[in-house]
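Single-structure report; data block below.
Nothing in this text is a laboratory measurement; each read-out follows from the coordinates by a stated rule. Treat the numbers as computed from the prediction; the structure is a model and nothing was measured. Methodologically, a virtual Cβ is constructed for each residue, glycine included, from the backbone with ideal geometry; neighbour enumeration extends over all protein chains shown.
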Amino acid sequence: MVIGLPAFAQVDKVEQLIRQLGSPEFAEREEASRALDGLGATALDALKKAAKGPDAETRRRADELVGRIERRLEAVRVLAPSKHALRYQEMSLLEAVADLAKRGGISITVQGDPAKLKRQTVTLETAELEFWPAFEQFCRKAGLVEAPSVEMPLAFQKNPPLPRQLAPAPVFPRGQFVLVEGNAPEMATCHAGAVRIRALPPGTVREGPGQVVCTLGVALENRLELLKVAGARVEKAVDDLGQTLEPAVLIGADPTIGQPPIVIENVGGKPQARLATPGQYQVPVRLSAAARPSTRLKDLAGVLRAEIRTRPEPVAVVDNVLKSAGQKVDGKTGGWLLVNQVTRGDGVISVRLEMLTNLNSRPGAGPTLGLTLTDDRGQEFLQADLPTWTVLVVDGTTVHQITARFMAAGLGEPARLVYSDTRIVTLEVPFTFKDVPVK
């Protein structure tokens, strides 16, 4: 929303800009597109209407803007960070670490002298902070640093049997953070909600001929799962000499994108390593070297395209469940849920249903992972036993037949049957850095 304009003026402004999308002048069409993009959610309803209008150019531009704005809004919603106020008063370090891990939904291990760690305490009181700033402030206060997956310096073979020998380095499980005693090196950091992006030290990933490389380390709160970084777009790269650096390659085509590049390379007897902080991915941003050698990037900005599995969300909801036999509801992300039978007796509520779903659930978890029954106060009934299901394929369509039984005692009347599922989404995550060393 444009600050200072009343609601009716906002409507008039949006309508004027939408008319301008069909202007015969290219510059006016471009100006209107930029302005509507900047208005964001304020212009969304009008743009959806314009995307179905009579003018072809207006339809095309409006449709593009709707997609762009909705992707941004989805990114803000999905990547909303958890927030925490830390209160530790002479608390055992290990207890404080366990509390912090629980808050972030991650696993944190502290390595060091066990006897010393048991005696160590931490005192810290913060205002309510997003998780990553809280995590970083805790580490500084406790004198801890995230351990790299490869310790430096590396031992190396003076006469390697092959010109290029690859050996796997120790890899910590996804979502596993290992802390060790020490002070964290200064790294340019960008927080984008539940995502932390850091500019890793120079040399993390080798430069190619005529290249300047800045490697970005990407980590998420573990309630979200980073499946891969699908690519990146550099929008601004200016070095300390004022030179503008252009992208050297199409970042999305880089074979290291989307893979945890945690390997030890032994090239010509010279040890090199690609370090990866546990739980994160690396994205090498490759730029063409300028006329004069660059030692720092004064400004670096762009967007990462990240493929993320979301938290479970309600997909299909059946109300008045005891009388829902024969009811079919459509899923929010496609598919449907059909209740065949609901019975109650001997302290058990039995629900038999069929479901067509996109099944983004984790492999092997099965569709019943997100099936819950709640009473009229929203409290969940416990499952009486493991649900059973069979899979039918009819005309190429996979349908799941499920029978779930819930304990009826202790709660109110059954009210809602809810199926929740994860989704896989590709989001654009912006990053901005200042003063990043590249040499």
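Projecting each Cα onto the charge dipole of region 24-144 (Lys/Arg +1, Asp/Glu -1 at the beta carbon, about the Cα centre), which of A62, G104, S82 comes out farthest on the positive side?
G104
Checking the table K48/K83; K228/K328; K116/K298; K228/K439 against a 32 Å threshold on Cα-Cα, which pairs fail? Please list the in-between numbers first.
Details: K48/K83 34 Å; K228/K328 35 Å; K116/K298 42 Å; K228/K439 27 Å.
Check vs 32 Å cut-off fails for K48/K83; K228/K328; K116/K298.
Once phi is turned into ³J(HN,Hα) by the Karplus curve 6.51 cos²θ - 1.76 cosθ + 1.60 with θ = phi - 60°, what whole-Hz value does each residue of region 321-332 show in order, with x for glycine and proline?
My calculation for region 321-332 gives 4, 5, 10, 9, 4, x, 7, 10, 10, 7, x, 5 Hz in order.
Could you pull out every residue, at least 5 positions away or on a different chain, whose amide H is within less than 5 Å of the one on R296? Hs are placed 1.01 Å off N in the peptide plane, and Pro or chain starts have none.
Hits under the 5 Å cutoff: D240, V438.
For region 313-421, what is the charge dipole size about the Cα centre, in debye to the nearest 20, if Lys and Arg each add +1 at the Cβ and Asp and Glu each add -1 at the Cβ? Could you put the intermediate results ahead of the total?
On the way: 9 positive and 12 negative charges, 14 e Å.
Charge dipole of region 313-421: 60 debye, to the nearest 20.
Apply the Karplus parameterisation 6.51 cos²θ - 1.76 cosθ + 1.60, with θ equal to phi minus 60°, to every residue of region 41-46 and state each ³J(HN,Hα) to the nearest whole Hz, in sequence, with x for glycine and proline.
4, 4, 9, 4, 4, 5
Run the Debye formula on the Cα coordinates of region 7-78, all scatterers equal and no solvent, and tell me log10 I(q)/I(0) at q = 0.24 1/Å.
Rounded to two decimals, the profile gives -1.04.
Only residues of region 404-439 count here: report those whose backbone N is under 13 Å from the spot 7 Å along Cα→Cβ of K228, or say none.
426, by backbone N distance to the label point.
If R₀ is 60 angstrom, what is the calculated FRET efficiency for the pair S350 and D45, using the beta carbon separation as r and rounding to 0.05? Write out the running numbers ahead of the final one.
Numbers: r = 44 Å, r/R0 = 0.73.
Step by step, r from the Cβ atoms, then E = 0.85.
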